[in-house]
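Undergrad: Once you've had a glance at the structure underneath, I'll fire off some questions.
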Amino acid sequence: MSKKGYYGEFGGQFVTELLYPALLELEKEFAKIKRHEKFQKEFKRLLHEFAGRPTPLYFAKNTSEFIGCKVYFKREDLLNGGSHKINNALGQVLLAKYLGKKFIVTETAAGMHGVAATMAANVVGLKCKVFMGVKDIERQKVNAEKIQLLGGEVVPVTRGSGVLKDAVSEALVAWIRDLPNTHYLIGSAVGPCPFPEIVSYFQKVIGEETKDQILKVEYKLPQVIIACGSGGSNALGIFQAFLKDQEVELLFVEGEESAALKYGSKGIFQGTKTYVLQDEFGMDRKTTSRAAGLNYPARGPQLSNLVKLGQVKVSTANNDEVLEVFKLMGKMEGLLPALETCHAIAELFKRRGKYKKDDIVILNFSGRGDKDIETVINLQER
Ligand SMILES: *Cc1c(COP(=O)(O)O)cnc(C)c1O
C-alpha cells in the first residue's frame, strides 16, 4: 500500500466527516487485535467448531471428466450458514465485542451475509439488525425468514431499486446514528478504509487451506483458480495465498448484468475509489443480475487494483448461462450451488477441452443454492 488505505490508486476513505473518528478507531483497534494471541485463538476455535473449517477441497470427478482435466471445488458451501460469509462475520463480531459495541448493523442481498452476521452476533451475544432491499427480500425469502428465526431484525429497504447498494446506504445511516454502541459489519471487501482490509484479512483462510490441501494431494499448484464475486471477498479469500505464485492464473467472474470491471470506469462509490458502473454524471447505473449477491455496481478496491495490475483476469457469465449451470450441477455432481457460485462454474464450463488431462483447476465453491430453488422453479414455470 502506498498511501494509507490505498491499493495502487484505488481505495481511500470518501465519507462524511461524522464517520472519520469511527473508521479511525476501527483501523487502530483492528491492527491491535490482530496481534492478540487470545483473539486469534478464539477466531480459529469458532472457525473450526462453529463454522466447520477447514472445508474440504473436493475432487469433482464427474466435472473433471466433462472438462478434461482435474477439477477441485473448495467447499465453502459446507460452512454453517451456507457460504464463505461466516468467516468474515465471526472475525468482525469478535472485533466488535472487543470494541465494547452492543449492536451490529449490516446489509444483505442474497441473505447469506445477513444469516452469517446474525449467527455470529448470537455467538458473542450481540443484537443484529439487517438491512435488506425489498426486491431481495422477495427473491430470497427463505434467507430473510432464516434471519428472523435466528433473532435478527430484517429492515426492508425501499429506497432506490430496493437492492444491495440501497441496503448498504441505509445500514451506513443506521451506523452513523449510533456510532458509540454500534459496529457496522460490512459483508464484502468494499466500502471505505479499513473495511476492505478487514474483510479480506478474515477471508484469507480460504486460500491458506486450499494451498495446503492441493499440495498434499497433488504435490503441485493449480493452473488456474476461478472465483465469482462482486465486492470480491471470496475471490480475495482464495487468491491472496497465491498472489506470489506467478504460474497460477487467478480468474474472477462477475455478472454480465453487473460487470463493473468489464463495462465500468473509475469512480467514487460508497466510500471508496474503485471500478463502478456509472453514467456520464457519475451516478451508479441500474444492475440486473439475477444472483442478488452479485448485483452490485462496484467492485472492491483491492480487486480493482489487482485487475489493473494484470494479476487477476476477468470474465463474465450472464443470467441464462448461470441458470443452465445451476440445473446441470445438481445432476452432474449432486450439488446445488448458489446462483452466485454458478457464475464461476459457467466460466469453468466454457473452458471445456482447453486443458491437459493432468492440469488442475480449483473453483471456489462459494455457497449453496437452497436459497435459489424457488427462483429457479419460478423461471422454469414461465
Ligand atoms: C455474497 C456472496 C458472493 C459475492 O460476494 P463476494 O464478497 O464478492 O465474495 C458470492 N457467492 C456467494 C455464495 C455469496 O453469498
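Undergrad: So which trypsin sites (Lys or Arg not before Pro) in segment 1-65 pass both tests, a DSSP loop state and at most 13 other Cβ atoms within 10 Å of the Cβ?
TA: K3, K4, R35
Undergrad: Could you work out the relative contact order of the chain, using alpha carbon pairs under 8 angstrom and six or more residues apart, expressed as a whole percent?
TA: 21
Undergrad: In debye, nearest 20: dipole of segment 123-163 around its Cα centre with unit charges on the Cβ of K, R (+) and D, E (-)? Before the final figure, lay out each step's value.
TA: Details: 7 positive and 4 negative charges, 13 e Å.
I would put it at about 60 debye.
Undergrad: Pick from S304, S230, S161: which is most flexible by mean-square fluctuation in a GNM of the chain where alpha carbon atoms under 10 Å apart are linked?
TA: S161
Undergrad: Highest mean first, what order results for 248-259, 349-360 on Cβ atoms within 10 Å?
TA: 248-259, 349-360
Undergrad: Only sites in a loop by DSSP and with at most 16 other Cβ atoms within 10 Å count here; which chymotrypsin sites (Phe, Trp or Tyr not before Pro) in segment 1-100 make the cut?
TA: Those that pass, being in a loop and sparsely packed, are F14.
Undergrad: Compute and list, largest first, the equivalent-ellipsoid semi-axes of the chain from the alpha carbon gyration tensor, each √(5λ) rounded to a whole angstrom.
TA: Over the Cα atoms of the chain, the semi-axes work out to 30, 23, 21 Å.
Undergrad: Any of K4/K313; K3/K262; K165/K204; K41/K273 with alpha carbons more than 30 Å apart? Name them for me.
TA: Numbers: K4/K313 26 Å; K3/K262 26 Å; K165/K204 24 Å; K41/K273 34 Å.
Among K4/K313; K3/K262; K165/K204; K41/K273, the Cα-Cα distance tops 30 Å for K41/K273.
Undergrad: Rank by packing, highest mean first: peptides 210-221, 337-348, 173-184, with packing defined as the count of other Cβ atoms within 10 Å averaged across residues.
TA: Result, highest mean first: 337-348, 173-184, 210-221.
Undergrad: Here is a follow-up. With +1 on each Lys and Arg Cβ and -1 on each Asp and Glu Cβ, and nothing else charged, work out how big the dipole of the chain is about its Cα centre, in Debye to the nearest 20.
TA: 740
Undergrad: What relative contact order, as a whole-number percentage, does segment 142-289 give when Cα pairs under 8 Å and 6 or more residues apart are counted?
TA: 16
Undergrad: Here's another thing I want to ask about it. Report the number of Lys pairs in segment 74-129 whose alpha-carbons are under 29 Å apart, with separation of 8 or more residues or on distinct chains.
TA: 12
Undergrad: Let me ask you something else. Over the Cα atoms of segment 43-166, what radius of gyration and what Dmax do you get, in Å?
TA: In order Rg, Dmax, the Cα atoms of segment 43-166 give 16.6, 53 Å.
Undergrad: If you don't mind, there's one more thing I want to ask. Out of F252, Y296, I214, whose Cα points farthest toward the positive end of the dipole of the chain (charges: +1 Lys, Arg; -1 Asp, Glu; placed on Cβ)?
TA: After comparing all options, I get I214.
Read the figures in this text as sums done on the coordinates, not as results from a lab. Nothing here was measured: the structure is a model prediction, and the numbers come from that model. Ideal geometry is used to build each Cβ from the backbone, glycine not excepted, and the neighbour counts take in all protein chains shown.
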